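The values are calculated or read from the model by the stated rules, or taken from the named source; none is laboratory data. Since we're looking at a predicted model, the values are computed, not measured. Cβ atoms come from the backbone with ideal geometry, glycine included; neighbour counts cover every protein chain shown.
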Amino acid sequence: MRLSEFVFATCRAGSEKALKKEVSLQPGKLLTPAFMRPQLITWKVQAELPTDFVFDALLGVVCGWSLGMARSAEDVAEILKKADLNVCAVHVFPRLISEDGLTPDEWAPVDALVDSLNQVCPISSESSYVLDVILGEAGEPWFIGCHPQSPASHPSAGALPRLTIPTEAPSRAWLKMEQSLAWLGLDSPGLLAGKSALELGSAPGGASWSLLQRGMKVIGVDTGAVDACVQNHPNYDHIGLPASQLPLDYLPEKIDLLACDMNLAPDVVLKYLEPLYQHLKPRWLVLTFKMNDARVEALMPYFIQQVQRFASGPVYAKQLHANRREVTLVSQAADV
């Protein structure tokens, strides 16, 4: 691949300014803003990059190399030819994405374009790059980019699994959990059936309901009320205590998934989370850190490092579309 002079990042609606600020604070001052539209920013590379450079940002949902603009599948094929690039997959998604995702009707034109692109774009299992075709508003050319495929990148196009919040879901936490499970590769039907989970900050039960619907046994910890569809589920056990008073001897010796979505500052969350993680030795971690003020936002890299310190596997952090003023961290134990 011939490296471009530009990189790009998509983001959730409303995070554009914060994303620009985050990138401006990265060491080396290698990137300067070049092009900005709602939920999409590009930067020009100002110096020779290290050979191991990978563009990433906490508030960037999809981050990668800019390749150009196109109006047809043939244009995209020509761009790939000029870049000397084969790709392992084609991701097509709209630039403008609601925090609740897209409707089936909004996915329909995307699917039609994917079929056209697959006919003209070279797909190679030996490539480590994913092609990103980002659709703008009516009349706009498509933005073309690519990103390296890795465990840190979400496997869904635009980091957006095809999900619609069910009317019976107790809260939007259902969507946050579902997007996180897809990131971890745990969204296949039946994969989590019979496994166990502990969720800190369970009320009103959206995330727990997601796990219960996947056949898991869930212990929910929260002083708040839990929706009846969760509270009355035979596989749900509610502990109505704050996390600070949770007795470890009441919990099993081991669980499969530890989830946490408490409305507390990250440093407080970490104080409760670390001993639980060490006690329960979970296979998977799904954690939400709130960014309710500028101090917390500035310290987010430090808080992520603290999770990396005690987690037994790699930790990946990203602001997903279902997040608001928060970021999601996921981790899988190294021995799984």
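Among residues that are small (Gly, Ala, Ser) and over 30 Å from residue 331 (Cβ atoms), residue 89 is not included. Looking at region 178-193, can you tell me whether even one residue there is aliphatic (A, V, I, L, M), touching an Asp or Glu at 6+ places or on another chain (Cβ under 6 Å), outside any loop (DSSP other than H, G, I, E, B) and modelled with pLDDT of 95 or more? The answer is yes; a qualifying residue exists. Can you pull out the strands (runs of 3 or more DSSP E) entirely within region 70-158 that have at least 2 residues that are farther than 27 Å from residue 176 by Cβ and more than 19 Å from the chain's Cα centre (by Cα)? Because the criterion is at least 2 residues that are farther than 27 Å from residue 176 by Cβ and more than 19 Å from the chain's Cα centre (by Cα), the strands (runs of 3 or more DSSP E) in region 70-158 that meet it are 142-148. One residue stands out in region 94-110 among those that are among the hydrophobic types (A, V, I, L, M, F, W, C) and in contact with a helix residue (DSSP H, G or I) (Cβ under 9 Å, 6 or more places away or on another chain): the one that is farthest from residue 164 (Cα to Cα), namely 110. Restricting 38, 33 to those that are at pLDDT 95 or above and either surrounded by fewer than 15 Cβ atoms within 10 Å (Cβ to Cβ) or in the same structural domain as residue 152 (by TED's automatic domain parsing) (or both) reduces the list to 38. Check whether at least one residue in region 139-156 is surrounded by fewer than 16 Cβ atoms within 10 Å (Cβ to Cβ) and among the β-branched types (Val, Ile, Thr), and report yes or no. For region 139-156, residues surrounded by fewer than 16 Cβ atoms within 10 Å (Cβ to Cβ) and among the β-branched types (Val, Ile, Thr): absent. Set side by side, the residues 239, 255 differ, and just one is surrounded by 15 or more Cβ atoms within 10 Å (Cβ to Cβ) and touching an Asp or Glu at 6+ places or on another chain (Cβ under 9 Å), which is 239.
With respect to the conditions (1) in contact with a helix residue (DSSP H, G or I) (Cβ under 8 Å, 6 or more places away or on another chain); (2) not assigned by TED's automatic domain parsing to the domain that holds residue 227, residue 178 falls short on a single one, namely (2).
Screening residue 205 against (1) touching a Gly at 6+ places or on another chain (Cβ under 6 Å); (2) of a type outside the set (Asp, Glu); (3) at positive phi leaves a single unmet condition, (1). Here the strands (runs of 3 or more DSSP E) wholly within region 230-336 that include at least 1 residues being under 15 Å from residue 201 (Cβ atoms) and touching a Gly at 6+ places or on another chain (Cβ under 9 Å) are 236-239, 257-260, 284-290.
No other residue among 225, 265 is assigned by TED's automatic domain parsing to the domain that holds residue 316 and either under 28 Å from residue 316 (Cα atoms) or in contact with a strand residue (DSSP E or B) (Cβ under 6 Å, 6 or more places away or on another chain) (or both) apart from 265.
Just checking, does region 54-64 include any residue being assigned to a strand (DSSP E or B) and within 25 Å of the chain's Cα centre (by Cα)?
Restricting attention to region 54-64, the residues satisfying the condition of being assigned to a strand (DSSP E or B) are 63-64.
Then drop every residue that is not within 25 Å of the chain's Cα centre (by Cα), which leaves 63-64.
Yes, region 54-64 contains at least one residue that is assigned to a strand (DSSP E or B) and within 25 Å of the chain's Cα centre (by Cα).
Residue 263 meets the conditions (1) of a type outside the set (A, V, I, L, M); (2) surrounded by fewer than 16 Cβ atoms within 10 Å (Cβ to Cβ); (3) farther than 30 Å from residue 21 by Cα in every case but one. The failed one is (3).
In this structure, does residue 307 turn out to be buried (at least 21 other Cβ atoms within 10 Å of the Cβ), touching a helix residue (DSSP H, G or I) at 6+ places or on another chain (Cβ under 9 Å) and in contact (Cβ under 8 Å) with a residue 12 or more places away in the chain?
Numbers: buried (at least 21 other Cβ atoms within 10 Å of the Cβ): yes; touching a helix residue (DSSP H, G or I) at 6+ places or on another chain (Cβ under 9 Å): yes; in contact (Cβ under 8 Å) with a residue 12 or more places away in the chain: yes.
Considered against the rule, which asks whether it is buried (at least 21 other Cβ atoms within 10 Å of the Cβ), touching a helix residue (DSSP H, G or I) at 6+ places or on another chain (Cβ under 9 Å) and in contact (Cβ under 8 Å) with a residue 12 or more places away in the chain, residue 307 comes out as yes.
Among the residues of region 94-124, write down those that are within 19 Å of residue 60 (Cα to Cα) and polar (S, T, N, Q). Hit for region 94-124 is 98, nothing else.
Considering only region 1-12, state which residues are outside any strand (DSSP E or B) and either over 12 Å from residue 57 (Cα atoms) or without any contact (Cβ under 8 Å) to a residue 60 or more places away in the chain (or both). Quick ask: steps written out before the conclusion?
Taking region 1-12 first, the residues outside any strand (DSSP E or B) are 1-5, 11-12.
Those that are outside any strand (DSSP E or B) and either over 12 Å from residue 57 (Cα atoms) or without any contact (Cβ under 8 Å) to a residue 60 or more places away in the chain (or both): 1, 2, 3, 4, 5, 12.
Candidates 24, 15: the one that is hydroxyl-bearing (Ser, Thr, Tyr) and touching a residue at least 40 places away in the same chain (Cβ under 8 Å) is 15.
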